[in-house]
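The values are calculated or read from the model by the stated rules, or taken from the named source; none is laboratory data. The structure presented is a predicted model; accordingly, all values stated were derived computationally and were not measured. A quick note on method: Cβ atoms are made from the backbone with ideal geometry, for glycine too, and the neighbour counts reach across all protein chains shown.
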Amino acid sequence: MTWIWNNSPALPVVLLLPTAIAIPLFALIDRRLARALALAVSLTTAGLGVLNLAKVLAYGPVHYHLGGWPPPIGIEYVLDELSAFVLLVINTIAFLVLVHAKTPVERELPDAGKHVPYYAVAVLMLCGFNGIVVTGDFFNLYVWLEIASLSLYGLIAVGARKAPVAAFRYLILGTIGACFYLLGLGFLFTMTGTLNMADLKAILPAVAQEPAVAVGLGLIAAGMGLKMALFPLHGWLPDSYTYAPSASSALIAPLGTKVGAYVLVRVLFFIFGVGAATRAFPLTTLIGWLGAAGILYGSILAMAQRELKRMLAYSSIAQVGYIGLGIGLANPLGLIGAVLHVMNHAAMKALLFLVAGNFRTVLGHSDIGRFDGSVRRRMPWTTAAFAVGALSMIGIPPLAGFFSKWYLALGAVARGQWIFLAVVLVSSLLNAVYFFRVIERLYLAKSEAGENAPGTDAPPSMLVPVLVLAAALVGLGLFNAVIVNGVLERIVNAALF
Amino acid sequence: MMRRDDDVIIGLVARTASPFIMIFALYVIFHGHYSPGGGFQGGTMLAAALILVRLAAGDDLAQLQFPRAWGTPLGSAGVLIYWGTGFVAMLCGGNFLDYAFLPLAGAAPHRRNLGILFIEVGVGLAVCGILTAIYDDLLEGRPRD
Amino acid sequence: MTDVLLGHYGYWFVFVLMVLGFYGMVVKRNLVKKLIGMNIFQVAIIMFYLSSAVKWTATIPIADPALGTADTALYISPLQHCLMLTAIVVGVATSGVAYALLITIYKRYGTLHEDELLERMKNDLDLE
């Protein structure tokens with residue numbers, strides 16, 4: 001037991017990595033072991049996420065030296081409030097999505113030989129995400145980033161007929177982003193001589209005047225902006241989310257962009273600090289304006305979509321814009337809004353993409369134009385959960401989505417940025433337009449099928465995660481004060497403004 | 001790969017040279033402590049020895065040396081050796097990958113030396129297996145002659 | 001001016017490689033050429049790291065009994081070389097995944113030219 005406690009920062013990664021390798025080996029014995037192993041390790045890491053958060057809240061930041069070598073010689077894993085929070089969010093959402101994934105994987109991957117490698121690659125991607133969040137070394141972060149990205153490309157490519165092209169485009173753009181990150185890291189390493197995050201933070205004041213440091217920071221921000229699909233670096237996102245299989249969309253949409261946002265927050269607010277980051281160039285202001293542009297772009301284009309998954313993809317661009325806006329405000333309230341939105345958006349998008357998966361599995365399609373009242377009569381629980389998710393995305397209290405927008409609005413008022421405030425409010429209206437379009441078709445449109453709708457709702461393995469997430473949205477909204485005061489305040493107190 | 005009759009010399013030289021390339025690759029893996037080398041480099045040379053036979057003597061003949069089905073399992077075995085070394089170190093009381101805690105005889109520097117050696121062997125096997133698997137998968141659907 | 005050009009010729013070399021790689025990725029219409037452009041871009045970054053490891057009148061970082069290990073200024077920094085080993089392997093893995101994707105695209109659409117591919121994809125009535 002103490003062994004688990006002492007090694008808890010490293011255990012998520014240490015458990016996920018061999019599971020990804022062992023799944024194909026165990027599946028030779030019994031094919032169902034693949035999903036069982038994936039679920040077991042995902043549940044374990046979710047539990048470890050809770051343990052880690054409790055440990056950090058009780059004892060403060062935890063440092064774990066890999067190989068026993070002390071930093072800055074060795075690589076260390078650092079758990080502070082931000083890492084533990086994001087770790088918990090990632091692992092819990094991933095577990096719920098993996099529970100849901102059973103039927104969509106069987107339906108949408110017709111080649112049965114691909115089911116086992118699918119779970120292995122999904123666990124490998126989770127391992128990469130966990131590594132990105134936990135590590136305290138910049139180059140280690142690059143390695144985990146590439147592990148996660150390569151697994152992502154594989155998960156997308158097994159979808160629709162057009163999926164490999166979308167995955168290839170994402171591969172080229174994603175590798176450019178990672179190369180920018182590596183190049184920026186090269187600049188910083190050449191100027192400071194260290195790769196360890198805490199050590200870099202300590203050395204930085206001595207070299208902060210050098211233009212190379214500013215260029216390095218800009219390159220890292222550009223690379224991470226590409227990974228998190230900040231406007232205008234979002235080009236890979238719509239096709240990738242649309243053509244991926246339903247289970248993959250639900251895995252990558254809530255989580256994939258969040259790790260990019262996490263790295264950006266970590267570098268801008270915890271390593272450099274807002275003052276040093278904006279000395280040469282108003283980087284945070286630029287990110288804020290790009291976030292605002294992304295919000296409007298994503299919301300407007302989402303209104304024009306006829307297919308549910310593509311609409312949700314453009315909506316994701318808008319939601320990442322909110323996080324960019326929060327980063328761009330560069331004050332405590334804005335940062336709270338951004339980090340809170342990381343959690344809220346992960347839960348909301350997971351719910352919405354799982355619902356889209358339910359529609360695809362039960363109805364065979366997710367075209368908005370073909371939804372009508374018979375869908376609601378046939379799938380009442382799924383439709384109700386969709387309504388909860390949609391209301392949360394629009395920002396109706398007491399659901400979770402309202403509170404992150406509330407903090408963003410407060411942050412904008414505190415800075416006097418009235419245009420950002422207007423963007424947040426207008427975008428809620430735009431969200432209402434494209435979500436109510438779907439809700440109106442589901443709840444109000446007459447159907448030709450009559451009163452008795454054939455068929456039943458989705459199977460329990462698909463319904464239960466959807467309902468759990470819908471309940472979570474209500475819970476996260478009602479108890480958001482606990483989350484903000486307990487965790488987010490401490491994150492913001494540790495940040496440099 | 002298309003075979004023509006005048007490939008006899010190339011095929012023979014490749015098949016003869018391949019074991020010697022593998023020996024040198026093993027030397028590079030194990031000598032990584034004292035000269036340029038190590039797991040990645042040695043693994044790539046191992047893969048080169050196998051792919052040379054595939055290129056020069058034809059895929060069907062190369063299956064006798066290293067069947068297609070061995071590629072990915074060998075890669076997985078290499079990664080598990082790497083992870084296993086780190087996990088054994090964790091079980092014996094240290095942090096992950098802390099070789100000083102491995103249950104081997106000798107002083108701490110000697111244990112760290114052996115630990116790195118195990119890691120490098122794992123990496124070499126993984127790189128060899130995966131590079132060969134990539135080559136085989138890329139050529140899977142080609143028209144046969 | 002000559003100092004900027006001649007004094008930093010290493011960085012200019014890296015810059016030219018990067019621009020070549022970027023040109024290949026953006027301008028070329030063949031998917032394989034885009035991929036090769038990406039590889040050139042990655043190699044340019046690797047060269048950048050390696051060029052930052054070199055020191056004046058220093059030798060390779062293998063312990064030489066004649067020089068001893070006390071003075072580290074006699075050996076070039078090995079850290080960047082180790083980091084770039086990992087980066088090279090990451091590049092190889094990315095290329096492997098990319099080539100697998102290209103083979104699937106070729107099997108499905110019969111072409112690797114981007115304009116031709118977009119034409120055929122438009123005619124491909126997929127349920128999305």
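Tabulated data
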read-out	value
Selection within region A:1-25 - in a helix (DSSP H, G or I) and over 16 Å from residue A:122 (Cα atoms)	A:2, A:3, A:4, A:5, A:6, A:7, A:11
Evaluation of residue A:82 against (1) surrounded by fewer than 23 Cβ atoms within 10 Å (Cβ to Cβ); (2) in a helix (DSSP H, G or I); (3) aliphatic (A, V, I, L, M) (one fails), failing number	(1)
Count of residues meeting criterion [touching a residue at least 24 places away in the same chain (Cβ under 8 Å) and either surrounded by fewer than 17 Cβ atoms within 10 Å (Cβ to Cβ) or more than 9 Å from every other protein chain (Cβ to nearest Cβ) (or both)] in region B:85-95	1
Complete set of residues in region A:278-300 that are of a type in the set (Ser, Thr, Tyr), in a helix (DSSP H, G or I) and closer than 13 Å to residue A:327 by Cβ	A:284, A:285
Any chance residue B:40 is within 14 Å of chain A (Cβ to nearest Cβ) and either crowded, with 20+ Cβ neighbours inside 10 Å or over 21 Å from the mean Cα position of the chain (by Cα) (or both)	yes
Residue list for region A:370-395, restricted to those being surrounded by fewer than 21 Cβ atoms within 10 Å (Cβ to Cβ), more than 14 Å from residue A:463 (Cα to Cα) and modelled with pLDDT under 90	A:370, A:372, A:373, A:377
Candidate set: region C:43-79, residues that are of a type in the set (S, T, N, Q) and exposed (fewer than 11 other Cβ atoms within 10 Å of the Cβ); chosen: the one nearest to the other protein chains (Cβ to nearest Cβ)	C:69
Only one of A:162, A:227, A:201 that is touching a residue at least 40 places away in the same chain (Cβ under 8 Å), touching an Asp or Glu at 6+ places or on another chain (Cβ under 9 Å) and of a type in the set (D, E, K, R)	A:162
Close pairs from region A:66-81: first within 12 Å of chain B (Cβ to nearest Cβ) and closer than 16 Å to residue A:193 by Cα, partner of a type outside the set (Asp, Glu) and part of a strand (DSSP E or B), Cβ under 9 Å, at least 6 apart	A:74/A:65; A:74/A:196; A:75/A:65; A:75/A:135; A:75/A:196
Test: residue C:32 is more than 10 Å from chain A (Cβ to nearest Cβ), part of a loop (DSSP other than H, G, I, E, B), within 29 Å of residue C:92 (Cβ to Cβ) and under 20 Å from the mean Cα position of the chain (by Cα)	no
Which numbered condition residue C:99 fails, given (1) within 13 Å of chain B (Cβ to nearest Cβ); (2) under 21 Å from residue B:120 (Cβ atoms); (3) in a helix (DSSP H, G or I)	(2)
Filter result for residue A:51 (touching a residue at least 40 places away in the same chain (Cβ under 8 Å) and either part of a helix (DSSP H, G or I) or not small (Gly, Ala, Ser) (or both))	yes
Among residues of region A:306-338, those that are more than 14 Å from every other protein chain (Cβ to nearest Cβ), over 17 Å from the mean Cα position of the chain (by Cα) and part of a helix (DSSP H, G or I), counted	5
Residue within region C:63-83 that is modelled with pLDDT under 90, under 30 Å from residue A:312 (Cβ atoms) and in a loop (DSSP other than H, G, I, E, B) present	no
Qualifying residue in region B:10-24 (condition: buried (at least 16 other Cβ atoms within 10 Å of the Cβ), farther than 30 Å from residue A:27 by Cβ and basic (Lys, Arg))	yes
Test for residue A:235: is it part of a loop (DSSP other than H, G, I, E, B), in contact (Cβ under 8 Å) with a residue 40 or more places away in the chain and small (Gly, Ala, Ser)	yes
Count - residues of region C:80-96 that are aliphatic (A, V, I, L, M) and either surrounded by fewer than 18 Cβ atoms within 10 Å (Cβ to Cβ) or within 9 Å of chain B (Cβ to nearest Cβ) (or both)	5
Tally of residues being more than 9 Å from chain C (Cβ to nearest Cβ) and within 27 Å of the chain's Cα centre (by Cα) across region A:189-202	5
Boolean, residue B:98 is among the acidic types (Asp, Glu) and either farther than 19 Å from residue B:78 by Cα or within 13 Å of chain A (Cβ to nearest Cβ) (or both)	yes
Residue A:233 being at pLDDT 90 or above and either in contact with a Lys or Arg (Cβ under 8 Å, 6 or more places away or on another chain) or buried (at least 24 other Cβ atoms within 10 Å of the Cβ) (or both)	no
Residues located in region A:234-252, provided they are more than 14 Å from chain C (Cβ to nearest Cβ) and closer than 21 Å to residue A:176 by Cβ	A:234, A:237, A:252
Yes/no for residue A:155 being at the interface with chain C (Cβ under 7 Å from one of its Cβ atoms) and crowded, with 23+ Cβ neighbours inside 10 Å	no
Residues that are more than 12 Å from every other protein chain (Cβ to nearest Cβ), part of a helix (DSSP H, G or I) and either over 20 Å from residue C:88 (Cβ atoms) or in contact with a strand residue (DSSP E or B) (Cβ under 6 Å, 6 or more places away or on another chain) (or both), drawn from region B:101-132	B:109, B:110, B:113, B:114, B:117, B:118
Single match in A:218, A:275, A:225 (criterion: part of a helix (DSSP H, G or I), at pLDDT below 90 and not basic (Lys, Arg))	A:275
Extreme residue, surrounded by the fewest Cβ atoms within 10 Å (Cβ to Cβ), among residues of region C:102-125 that are aliphatic (A, V, I, L, M) and more than 12 Å from chain B (Cβ to nearest Cβ)	C:125
Region A:397-425 - residue that is modelled with pLDDT under 90 and in a loop (DSSP other than H, G, I, E, B) and, of those, nearest to residue A:325 (Cα to Cα)	A:417
Region C:9-28: number of residues that are more than 16 Å from the chain's Cα centre (by Cα) and exposed (fewer than 13 other Cβ atoms within 10 Å of the Cβ)	2
